[in-house]
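The values are calculated or read from the model by the stated rules, or taken from the named source; none is laboratory data. As the structure is a prediction and not an experimental result, all values here were calculated from the model. Here the Cβ positions follow ideal geometry from the backbone for every residue, glycine too, while neighbour counts run over all protein chains shown. Just the protein is used for accessible areas: all its heavy atoms, side chains included, with ligands, DNA and RNA removed. Shrake-Rupley method; radii C 1.70, N 1.55, O 1.52, S 1.80 Å.
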Number of protein chains: 2
Amino acid sequence: MKLIENVYTDAGWDVHEKSLDPEQIVTTGSTFMIGNGYLGYRGTLSEWRAEQYTACIVTDTWDTAQPGALTELCTVPNGLYLELSVDTVPLSAIDGATEVQGYERRIDLRTGLFSRHTRWASPAGGSITLGEERLAHADNVHLIASRFTLIADRATDATVRTGIDADVWSLSGNHFARKEAFTDGELNGVSLWTVESGTQIVVVEGVRTVDSSSESMMRRLDVGLEPGGPVTIEKVVAVYHGNDTDDPRACAVRDARRALSEGFDTLYAAHSSVWQRVWAACDIEIEGDLEAQTLARFNLFHNIIHTPTHARLPIGARGLSSQVYQGAAFWDQETFNLPMFVYTRPDVARSILEYRYDTLPGARRKAERLGYRGAYYAWTSGKTGDELFPDVFFTDVLTGRPIRNHFNCWQIHISPDVVYAIDQYLTATDDWDFVERCGAEIAFEVARFIVSRAHFKKDKNRFELIRLLGPDEYHENVDNNAFTMYLSKLALETAVRLYDELSSRTPQTLARTSRRIDLTHAEVDEWREHARLFYVPAPDPDSGLIEQFDGYFELEDVTPDRLRERLIDPEEYWGWPAGIAVRTQVLKQADVLQLFALVDSFPPDVMRANYEYYEPRTEHGSSLSPSIHSIVACGCGLTDKAYRYFHEAATIDLYNRSRKVKSGGSFLGGIHTAACGGVWMMIVQGFAGFRVSGDSIELDPALPETWKTLAFRVCFRGNTLSVTTSRWRLTVSGAEENSAALSVRVSNDEWIVSPGETVQIDLPRNR
Amino acid sequence: MKLIENVYTDAGWDVHEKSLDPEQIVTTGSTFMIGNGYLGYRGTLSEWRAEQYTACIVTDTWDTAQPGALTELCTVPNGLYLELSVDTVPLSAIDGATEVQGYERRIDLRTGLFSRHTRWASPAGGSITLGEERLAHADNVHLIASRFTLIADRATDATVRTGIDADVWSLSGNHFARKEAFTDGELNGVSLWTVESGTQIVVVEGVRTVDSSSESMMRRLDVGLEPGGPVTIEKVVAVYHGNDTDDPRACAVRDARRALSEGFDTLYAAHSSVWQRVWAACDIEIEGDLEAQTLARFNLFHNIIHTPTHARLPIGARGLSSQVYQGAAFWDQETFNLPMFVYTRPDVARSILEYRYDTLPGARRKAERLGYRGAYYAWTSGKTGDELFPDVFFTDVLTGRPIRNHFNCWQIHISPDVVYAIDQYLTATDDWDFVERCGAEIAFEVARFIVSRAHFKKDKNRFELIRLLGPDEYHENVDNNAFTMYLSKLALETAVRLYDELSSRTPQTLARTSRRIDLTHAEVDEWREHARLFYVPAPDPDSGLIEQFDGYFELEDVTPDRLRERLIDPEEYWGWPAGIAVRTQVLKQADVLQLFALVDSFPPDVMRANYEYYEPRTEHGSSLSPSIHSIVACGCGLTDKAYRYFHEAATIDLYNRSRKVKSGGSFLGGIHTAACGGVWMMIVQGFAGFRVSGDSIELDPALPETWKTLAFRVCFRGNTLSVTTSRWRLTVSGAEENSAALSVRVSNDEWIVSPGETVQIDLPRNR
């Protein structure tokens, strides 16, 4: 099925293209990439190099190339490089020197298998085909494995040059102070040491096939092809670095050698059995809409492959698809990436939240540096949790001058967002062990931060937060931003609740935590007082509207389209300090709707009133915006609108809807992992109306017109519920292995679903 | 004596020029202007029209020409227009058609008398001279009187065209919805009605001389000149408007007719006797430095002629010299214009403070509109005290887009500044009657405003003021600006002190005031608590430095000159939101030094440390800046520096040191009245070291090298003290008519100066 120009799927489990568009290699390199949370290998062709944005990005390799440069993950030398030549003519799918007669590139989402096939008119006559299958191993995350296949329709002497291409594409400078090539038996390798910390990174490459001769990191293979008789070259690449192990070289050599001896088929079997388990937990099946099915899986796939599971590390805003946004976590991690994991693979969610625990020292340092107490999480959080976001990120295209934005100092909602995720995780898992070990301390330190950040307004008898930057980044320097206020109040309440609950559950553990962070009852009472008197802008009693921040409604009311006409340069930044949106009501994304998507306690008429007010004023300058609109539209009963926003959000990467370069020439290509996570939220929380209320799972499905059925699983406090719904009937099954019955509520009725039991529920017709 | 190119003085009581520079007519039109606080008539030549910036600006005529335009004072039709022709050739000092053989323009500062003389080669042969003397009557402020003199060296038939030129120069649109010319006997008149409120303005003109024929507002006079026999034409103009009287036409006709019959000499006598009294109170005599003497009188003169004394009205930032800054009061009124009046003509100071009382309702409206209580005075205050400053004043020259500054909403120090002036006035006058009637209520409402504007920082146990714009306008959006914090705390303390004092002095009056504004003891106790816990940034114990605002010291440290190199366009605005100074320590003016100039309780080493830190970082982008540097330099014992800044400040207008057009083409010409008031402060508070401490007058003279003696008078609680000082000896005399002895302190010694007594005090030699 053709999804859009040159984007196809066979049956919703794959995406492929039938021709190569050189204009789109940034996007398609992301589309067809593979990854395993440790490394991401872009979906480029084996003969491509740095100019084609070939990159293998490895997590936990943060480095700063020179003072003042962005700290980012390293792209490591490309061990999969392979170039095929015939009669000394290199064959390329891109340069047009040799006629391309057939072409396909594909990502198999079910097993994370990349493949490409290119057939050229051979310089020696007839045609010659290069195929490749490639995987980033899901079990041993240090491994990439590849199998090349060469086929000619007549006898051909071909030459293959393969090895490690150390000419890497790197956004913010060269990260390697030193490189050392080595061989170890049949293996080629390179050791590199990073600039800032001297961390060693090792890439080892091995080949299993016909004879080869090595020329330091590169091998030359002379391949005699017979008609129809394919020649296969298997390659493995192993990557280790000094943050994984004390001896990365030995480990890489060991793993590469072992993998080479196992062979591609064996590696693939172990790899795909992991994928089978992953999809069993988190697949979403949509019948009746193959496009939506493909989009759903494409986005879930990316939310999976960019999420580290091997260690407590962050999910990057562009994942491992490029160095953009520094391979670091933003608030999206908790609010967009995590919900899917919380309800499908809670162990992964826990690992991410443990990463937030590990980075508490960095968050404390940030708070202290800015004059606050407690934990102020980094807007851009890497290894240590120290702030990675620079004071200056954008350049004013009209003046060439740097713009000093305040993402790293005024966008404080990041801290309560983390506590929100802890609360969600606890609700979904009842994992008090995590709370005792990590979650409570995070919540306590965030409460402390909020208290030290808040101001008390005596004449109004309330605590306020002044000078904020909410999720809507077009409006910096605002007071009492609705999203930030609600989330901060929730965080204070959560801290108090966890404290009280632990006081009775595990008082000794709590006492230890309290001693460690100097926490007293008196301070907790102060949080109570703050929570009680914390200002949250309530819906206007008449209009139902919640003002995004103090004075928002007094700003110029203009539509995004009319506003756009004021641009002098299309690349202008719309926000602080003097962008065209600053003094208007036009939003990058709508904070009040974002609030509704996270906090589901607002009445439907309030949601509707605010949706109708904010939607036409939202420019969707953020990839986070459409999914939130979709979820809230579902909550308002606007299923058609919700579907349109679903489609917009789910196609951001696959249909190449976002700009790759903007705001003064910064490269911004790569996968929008938050939008990927948002796809799960739109389907499960939006169209299926899934939420947890007390000890019950609530469902309130409202499927798009074309969807016959929607099926997914959720994991709730150790038990799994399978949900299948049409527009008229809902089927829920408790897994055989569940330890308890589940309470399911639909339209105010409750069903108790015992282990192994299936319940059918007719849905009201009036939706 | 030549002061600078084409600026001369005879003996320090006049300024004159000997040739006409067409490039400088904006400046010289201000230099030679006359005024009386009711109207200002620019020092233009009688034959000039709107293109030469001829204007008669009349106070209390605020009007908005069209929605969105600036509210400003009207320029009224020019009743002094007079053009001399010979043989139908009009004689002009500016267009070069007729040879100019002699030229002088002069302002006599002692009597506020403008004069001009121009001798042309006559088109009829020989030469012909036009002279004019002109005054804005100091007693009847509705009158302008003029005497023209024509002399030819041979018999000449000249034609004079004179009358009312209704083609006015107006900055922000035409303010007259309707005009009606009329005659009343020998008088010409025009009635005009303003656009916004329909206020009637009447200009009446009369001529006393040879016959004339009228042609509706214009007269034609045929003048037969004999050699040597001058012909004199006397003119009077009367101006009234509907805010003066119910029948402005009748009043203008009455006054013009009476004045015409009295004749110029009689008018001049009454006029100059007023000036004699004024100078007796406030003249400053400087022996040994004729330039400084002239500069002093020139600036005092302007501080006088732009200050309304006929009614409770504001002093404009450009006075009545042009419509720039809307003829409205800024904070400069209290902090720069008033000190001279407080100590020389306290009745004038009281009238200005009564104006602030009259505009309390506007200040209350502004506070309420912005969500506060009490009185938030307008940044730009006209008739009603409602905010006149527009949201957008500057245009970004790089993008052509409007800049939304926050002078009108974040620069809150204006309110405590008014209370500061009340406190100063009370200290100088002991005028509790004013406090009971007006001053206390202002202080109470300002305290109320500060309380409603403040935030309490619980973790620091202090009240803060967030999001400020201090006097240094290059840094908007700052917290805890030192100047604002100190002045606000002072204002709170003043409110409490006045309340307590009135409680015992006049409890019933206080009770009435309290009832009227709903004030309770509890609220006053709240002010006490605020005053007690109000944060003021203290001098650093090591360095002595006071940080201008939170985080100032962390900004980029660069000199103004190096910073200037970053300008893309010389007309760029340096401040908010993205000007070159915003992220640096470069200041428009130094708030901490401004604080020292007003509040004299800081130790000399603290003053010195801060002077040395802030001075090299100050760009002096404000005309208020040099005088403050001069005063503080005096306090630090840096007399040479102080003199250099004195010279800079005192020559801003006379030596044409300021730009007439800037920031996107706005016309900014006119007299910097605050700088004029600052000259008194620099001399009396700076070089003479005058201050009040308790019930004593303190003097601490440190004269510039060239000054032999400095003499002035101050009025203190109804008694007058004459002060004459050399560098070595100080002479103080109590006026005969004083009712009490005065305590004078010099270097910690006290002298009691009885009425009529003169005391000589030797000054320490070590200064």
Is at least one residue of segment B:551-563 within 14 Å of another protein chain (Cβ to nearest Cβ), out of contact with any helix residue (DSSP H, G or I) (no Cβ under 7 Å at 6 or more places or on another chain) and closer than 30 Å to A:ASP459 by Cα? yes
Looking at the structure I just gave you, is A:THR335 crowded, with 24+ Cβ neighbours inside 10 Å, in contact (Cβ under 8 Å) with a residue 60 or more places away in the chain and among the β-branched types (Val, Ile, Thr)? yes
Scanning segment B:573-630 residue by residue, those small (Gly, Ala, Ser) and assigned to a helix (DSSP H, G or I) turn out to be B:ALA597, B:ALA609, B:SER625, B:SER627, B:SER630
Number of positions in segment B:360-384 that are surrounded by 21 or more Cβ atoms within 10 Å (Cβ to Cβ) and without any contact (Cβ under 8 Å) to a residue 40 or more places away in the chain: 2
Please verify whether A:ARG105 is in a loop (DSSP other than H, G, I, E, B), farther than 17 Å from A:ASN78 by Cα and either charged (D, E, K, R) or open to solvent by less than 10 Å² (accessible area, probe 1.4 Å) (or both), treating the condition exactly as stated. no
Among the residues in segment A:178-198, are any surrounded by fewer than 17 Cβ atoms within 10 Å (Cβ to Cβ) and at positive phi? yes
Give all pairs with beta carbons closer than 7 Å in which a residue from segment A:578-596 that is within 14 Å of another protein chain (Cβ to nearest Cβ) meets a residue that is surrounded by fewer than 24 Cβ atoms within 10 Å (Cβ to Cβ) and in a strand (DSSP E or B); count only pairs at least 6 apart in sequence or on separate chains. A:ARG583/A:GLU556; A:ARG583/B:ARG404; A:THR584/A:GLU556
Does segment A:680-687 contain any residue that is open to solvent by 10 Å² or more (accessible area, probe 1.4 Å) and of a type in the set (A, V, I, L, M, F, W, C)? no
So which residues in segment A:233-259 are touching a Leu at 6+ places or on another chain (Cβ under 8 Å) and either assigned to a helix (DSSP H, G or I) or open to solvent by 10 Å² or more (accessible area, probe 1.4 Å) (or both)? A:GLU234, A:VAL253, A:ASP255, A:ALA256, A:ARG257, A:ALA259
Quick check: is even one residue across segment B:633-649 out of contact with any Pro (no Cβ under 6 Å at 6 or more places or on another chain), assigned to a loop (DSSP other than H, G, I, E, B) and basic (Lys, Arg)? no
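Mind telling me which of the residues A:ILE128, A:ILE144, A:ILE151 ends up being on the phi < 0 side of the Ramachandran plot, touching a residue at least 60 places away in the same chain (Cβ under 8 Å), out of contact with any Ser or Thr (no Cβ under 7 Å at 6 or more places or on another chain) and of a type outside the set (Phe, Trp, Tyr)?
A:ILE144
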Counting just the residues of segment B:441-473 that are assigned to a loop (DSSP other than H, G, I, E, B) and touching a strand residue (DSSP E or B) at 6+ places or on another chain (Cβ under 6 Å), which one comes out nearest to the other protein chains (Cβ to nearest Cβ)? B:ILE466
Answer with yes or no whether A:ALA609 is crowded, with 24+ Cβ neighbours inside 10 Å, of a type in the set (Gly, Ala, Ser) and away from every other protein chain (no Cβ under 14 Å). no
Looking only at residues in segment A:467-496 that are open to solvent by less than 10 Å² (accessible area, probe 1.4 Å) and without any contact (Cβ under 8 Å) to a residue 60 or more places away in the chain, which one is nearest to A:GLY374 (Cα to Cα)? A:LEU492
Quickly run through segment B:712-734 and pick out the residues that are of a type in the set (A, V, I, L, M, F, W, C) and either assigned by TED's automatic domain parsing to the domain that holds B:THR427 or touching a Lys or Arg at 6+ places or on another chain (Cβ under 8 Å) (or both). B:CYS715, B:LEU721, B:VAL723, B:TRP728
Filtering segment A:108-126 down to residues that are open to solvent by 10 Å² or more (accessible area, probe 1.4 Å) and of a type in the set (Lys, Arg) yields A:ARG110, A:ARG119
Cβ-Cβ distance below 6 Å, separation of 6 or more or different chains: which pairs start in segment A:385-411 with a residue that is within 11 Å of chain B (Cβ to nearest Cβ) and open to solvent by 40 Å² or more (accessible area, probe 1.4 Å) and end on one that is assigned to a loop (DSSP other than H, G, I, E, B) and of a type in the set (Ser, Thr, Tyr)? A:LEU398/B:THR399
Just checking, which of A:HIS629, A:HIS620 is open to solvent by less than 20 Å² (accessible area, probe 1.4 Å) and of a type outside the set (A, V, I, L, M, F, W, C)? A:HIS629
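For every residue, the table says whether it meets (1) in the same structural domain as A:TRP48 (by TED's automatic domain parsing); (2) in contact (Cβ under 8 Å) with a residue 12 or more places away in the chain; (3) surrounded by fewer than 24 Cβ atoms within 10 Å (Cβ to Cβ); (4) not small (Gly, Ala, Ser).
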position: A:THR59; (1), (2), (3), (4): yes, yes, no, yes
position: A:PRO67; (1), (2), (3), (4): yes, no, yes, yes
position: A:GLN101; (1), (2), (3), (4): yes, yes, yes, yes
position: A:ALA136; (1), (2), (3), (4): yes, yes, no, no
State whether one or more residues within segment B:198-209 are part of a strand (DSSP E or B) and closer than 30 Å to B:GLY125 by Cβ. yes
Against the condition open to solvent by 60 Å² or more (accessible area, probe 1.4 Å) and more than 33 Å from the chain's Cα centre (by Cα), how does B:ASP561 come out, does it pass? no
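Any chance you could count how many residues in segment B:507-544 are open to solvent by less than 30 Å² (accessible area, probe 1.4 Å) and not in a helix (DSSP H, G or I)?
Final tally of qualifying residues: 6.
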Assuming B:ILE25 fulfils every condition listed in (1) part of a loop (DSSP other than H, G, I, E, B); (2) of a type in the set (A, V, I, L, M); (3) surrounded by 20 or more Cβ atoms within 10 Å (Cβ to Cβ) apart from one, which condition is it? (1)
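Identify all residues within segment B:412-440 that are open to solvent by 10 Å² or more (accessible area, probe 1.4 Å) and out of contact with any strand residue (DSSP E or B) (no Cβ under 6 Å at 6 or more places or on another chain); write none if there are none.
B:TYR420, B:ASP423, B:GLN424, B:LEU426, B:THR429, B:ASP430, B:ASP431, B:TRP432, B:ASP433, B:GLU436, B:ARG437
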Scanning segment B:578-588 residue by residue, those open to solvent by 10 Å² or more (accessible area, probe 1.4 Å) and within 23 Å of B:HIS672 (Cα to Cα) turn out to be B:LYS588
Anything in segment A:564-577 that is open to solvent by 50 Å² or more (accessible area, probe 1.4 Å) and either at pLDDT 95 or above or within 11 Å of another protein chain (Cβ to nearest Cβ) (or both)? List them, or say none. A:ARG564, A:GLU565, A:ARG566, A:ILE568
